[in-house]
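Below is one structure, written out as structure tokens; comments come after it.
Just so it is clear, none of the values below were taken in a lab; they were calculated from the coordinates. Please read all numbers here as calculations on a predicted model, not as lab measurements. Using ideal geometry, Cβ is built from the backbone for each residue, glycine included, and neighbour counts are taken over all protein chains shown.
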Amino acid sequence: MPVTSVSPQTWWTIFRISLEERLVYRADFALGTLMRFIPIVTQVLLWQAIFEALKGDDVAGYQYNDIVAYYLLVLVGRAFSSMPNLSEGIAQQIRDGQIKKFLIQPIDLIEFLLITRVAHKVVYYGIAIGPFALVFFLCRGFFSGWPDAITLAGYATSLVLAFLLGFFLEAFIGLIGFWFLEVSSLLFMYMLINYFLSGHMFPLAMLPEPWASIAQAIPLQYLAYFPTQVFLGKIQGEMLAWGLTIQLAWVICFAILCRIAMHYGVRRYSAFGG
Amino acid sequence: MAIIEINGLSKTYSVYHKREGIAASIRGLFHRQYRSVHAVRQIDLQVNEGEFVAFLGPNGAGKTTTLKLLSGVIHPTEGTASVMGYVPWQRQIGYRRRFSLVMGQKNQLWWDLPAQESFRLHQQIYRIERPVFEKTLDELVELLNLQGLLGQPVRELSLGERMKMELVASLLHSPKVLFLDEPTIGLDVVAQHNVQGFLRHYQQQRNITIMLTSHYMKDVVALCRRVVIITGGRIMYDGSLSGIIDQFGGHKLLTLQFSDEAPVDLKNFGELVEVQSPRAKLRVDRSSVTTVLGQILSKYNLVDVSVEEPPLEEVIAEVFASVNGTHEAELNKQQVLSNASD
């Protein structure tokens, strides 16, 4: 499968057009973005009730403040690693034949999707940064202060890698559409497992065995749990460097899997719906 | 030298064969039956540079599959093909920069944005120099009468305007070879006429090679000197438009104007097509036209008589019908005839 070498100017054009497209339905997009903050309130209230019932005991080393801080940071991680509509979009394009555009034109599908996704995220952050800043300001009491520069740099790197991992992982699921055509059930399973094993629901330290070991062995923790632990200073020094290396390795692994799926998928492709 | 060369090209699809009913659906969860559909069988074809070739055939004849094979979208089951020296399904970037495929109503434009944004993206991905891009765009916009529409979101354009925009997008990089799959499908007569006029002018001006599939005979008559008829995945005919009538038009049409009422026994002379007394139209076997005409002239008084070739679309519909047989062919015949009368 030939891969195009897209020039920076092409990247910029795709980025700019995606940005413009994203801003067409601005009201819907803004509303959708703001709605994502509603679960914060319910989650905080839930943990408040749990800790009141525990009367001062901790849960797997987490106090109420730690949990709220953890949950807020997980939201940031998810804002980078979640890829709404990526898998379904790819499978849909395979099903209805629209994907042939990328087989005919001198542009690489995965590269194109990556650029458009960066544009979508930029628009999302542009809208969400206000509410995020407000929520973090209101909840500043739950944090024990700003981490040092190295931790912050590690955190920023882990977020970028979380974005790339989320992208390649979900793109890979979408490309399975070359074989299954419909991937919604597969995606539902992935989302369900992801919800627990990425640390979205609760810190992975709370998981019993064998789930704790499973969570450690698979890449999902790098989507939300790992960046959060980095920010909270629970992973530092050599452990941080090692963690980032493993995270990068997973990114490369899924990028390669995407290429393989694309290569064999296109051979299998019969141009359905075309 | 041929710019497109196809030798023994075949494509067989494996299609899930589902039986009717809920029980069959449940059985299908565990055991699926597949059947082979031979979309294209052992096709040989050479197209020279600058030719405008029409691919005609009933639905499912293999026309679109052939274009998909030549565009590199799908791999063949067997056979070889070369377009401008490239093997299409290797999808080399050099090849992708030099051809275009337009599939009627398949959108390559960004739906929510003005077409000019999509064109700008094409400029980048095809690496078209800015002055060349602007000159080509101006020329295409003028030829297709699209002034003032470039800044309008694509979703707000009419079907005809969208099709024209698709054509602009596919021609911005000045492809040497263009594959057109039903470029006028769904368009009204005026829009069809505009697109035909544009394609004719553009092809003559640039001397590009075009392969076109269409159900509209008017497209074919207006644009192509060479016609390839494909049915059941096989090439049935390859030659000029008029040659189709010579090869497949086994009959002629006699229009007879009687001095009195049209006689009732006309069906003894041939197939009665239409009677509007005192006028009648008779379909007669090509070899017996003179004999039949002599018999009628000796028996009745005629005011006027004319002998015509059957309409092209009727002959083509019969070719389709002779291959497909049965009901489906009859449907195709109706489709060709109704499209021709649009």
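Taking K and R as +1 and D and E as -1, what net charge do the other residues with C-beta under 14 Å from the C-beta of residue B:40 add up to? Write out the running numbers ahead of the final one.
Numbers: positive: B:11, B:41, B:63, B:68, B:234; negative: B:44, B:78.
Local charge sum for residue B:40: +3.
If you take every residue apart from residue A:81 with its C-beta less than 15 Å away from the C-beta of residue A:81, what net charge results, scoring Lys and Arg +1 and Asp and Glu -1?
+3
How much net charge surrounds residue A:127 when only the other residues with a Cβ under 14 Å from the Cβ of residue A:127 are counted, with Lys and Arg +1 and Asp and Glu -1? The partial results should precede the final answer.
Numbers: positive: A:22, A:26, A:36, A:121; negative: A:28.
Neighbour charge sum, excluding residue A:127 itself: +3.
Below 8 Å between Cα atoms, with a sequence gap of 6+, how large is the relative contact order for chain B in percent? Spell out each step's value before the answer.
On the way: 595 pairs, mean separation 60.6, N = 342.
For chain B, the relative contact order is 18 percent.
For chain A, calculate the relative contact order in percent as a whole number, restricting contacts to Cα pairs under 8 Å that are 6 or more residues apart.
On the way: 267 pairs, mean separation 81.4, N = 274.
Over chain A, the number comes to 30 percent.
Using a Gaussian network model on chain B with a 10 Å cutoff between Cα atoms, which of B:158, B:71, B:306 fluctuates the most?
For chain B, modelled as a Gaussian network with Cα springs under 10 Å, the answer is B:306.
Say we join alpha carbon atoms closer than 10 Å with springs in a Gaussian network model of chain B; which of B:23, B:222, B:191 then has the biggest fluctuation?
B:23
Averaged across orientations, what area in nm² does the convex hull of the alpha carbons in the protein assembly as shown project? Show your work: numbers first, answer last.
On the way: hull surface 149.7 nm².
Hull-based average projected area comes out at 37.4 nm².
Arranged by the count of other C-beta atoms within 10 angstrom, fewest first, what order do A:163, B:133 take?
Fewest-to-most Cβ neighbours within 10 Å comes out as B:133, A:163.
Residue B:51's amide H: which non-local residues (gap 5+, or another chain) put their own amide H closer than 5 Å, with H modeled 1.01 Å from N in plane and none for Pro or chain starts?
Here B:210 satisfy the definition.
Along the charge dipole of chain B, which of B:103, B:273, B:223 sits closest to the positive end, that is, farthest toward it, with unit charges on the beta carbon of Lys, Arg, Asp and Glu (+1, +1, -1, -1)?
Positive-end residue among those listed: B:103.
GNM on chain B, C-alpha springs below 10 Å: top fluctuator among B:271, B:182, B:49?
Among B:271, B:182, B:49, the largest GNM mean-square fluctuation belongs to B:271.
Gap in Å between the Cα centre of region A:42-60 and the Cα centre of region A:184-216?
21 Å
To the nearest µm²/s, what D does Stokes-Einstein give for chain B at 37 °C and 0.692 mPa s, using the Kirkwood radius over alpha carbon pairs as Rh? Could the numbers behind the result be given before it?
Values: Rh = 22.9 Å.
This corresponds to a translational diffusion coefficient of 143 µm²/s.
Quick one: pull the percentage of alpha-carbon pairs in region A:11-60 with a separation above 16 Å.
Details: 784 of 1225 pairs.
Tail of P(r) above 16 Å: 64 percent of Cα pairs.
Where the only charges are on Cβ atoms (+1 Lys, Arg; -1 Asp, Glu), what is the dipole of region B:4-245 about its Cα centre, to the nearest 20 debye?
Numbers: 28 positive and 21 negative charges, 182 e Å.
That gives a dipole near 880 debye.
Let me see the pair-distance distribution of region B:251-309: every alpha carbon pair, 10 Å bin width, integer percents in order.
25, 65, 10
Quote the relative contact order of region B:251-309 in percent (integer), defining contacts as alpha-carbon pairs under 8 Å separated by 6+ residues. Mind showing how you got there, number by number?
Working: 99 pairs, mean separation 29.3, N = 59.
The value is 50 percent.
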